[in-house]
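Asks: Sharing a structure with you now.
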Amino acid sequence: MRRRGIWSGFAALQRRQIRGDDGGLVLSIFDAKGGLIRFLKAAVEEEIQRTATEEMVFRSNSFCTTLLSTFARTHGYDYLRSIMAPLITEFAR
């Protein structure tokens, strides 16, 4: 069961309460192994299952929210820049 292997590692990381730069390290490891999106999907599913009400999903400072924030900063920058740069250039004219 490959998914169990991911989850045992994920559970261990959650117990350590990894924050900040460590989230980037974890994402880099999964990215290098080609499993980044699968890992993020599993983290989001776990976050949803652990949350008592719909209104509280992603509202805590959990390991999952740290991972998602780090992912957005590292992988979302180029995308956001490619979308926003032409609009800002057009407004500046």
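The values are calculated or read from the model by the stated rules, or taken from the named source; none is laboratory data. The shown structure was predicted, so the numbers you read here are calculated from the model rather than taken from an experiment. Neighbour counts are summed over all protein chains in view; Cβ atoms, including those assigned to glycine, are modelled from backbone coordinates with ideal geometry. In case anyone asks, the SASA skips ligands and DNA or RNA and just uses the protein heavy atoms, side chains included. Shrake-Rupley method; radii C 1.70, N 1.55, O 1.52, S 1.80 Å.
Asks: Counting other C-beta atoms within 10 Å, and keeping those with at most 16, which DSSP coil GluC sites (Glu not before Pro) do you find in the range 32-73?
Replies: In loop regions of the range 32-73 (DSSP not H, G, I, E or B), there are no sparsely surrounded GluC sites (Glu not before Pro).
Asks: Leaving ligands, DNA and RNA out of it, work out the accessible area of ILE29 with a 1.4 Å probe and give it in Å² to the nearest 10.
Replies: Its accessible surface works out to 90 Å², give or take rounding.
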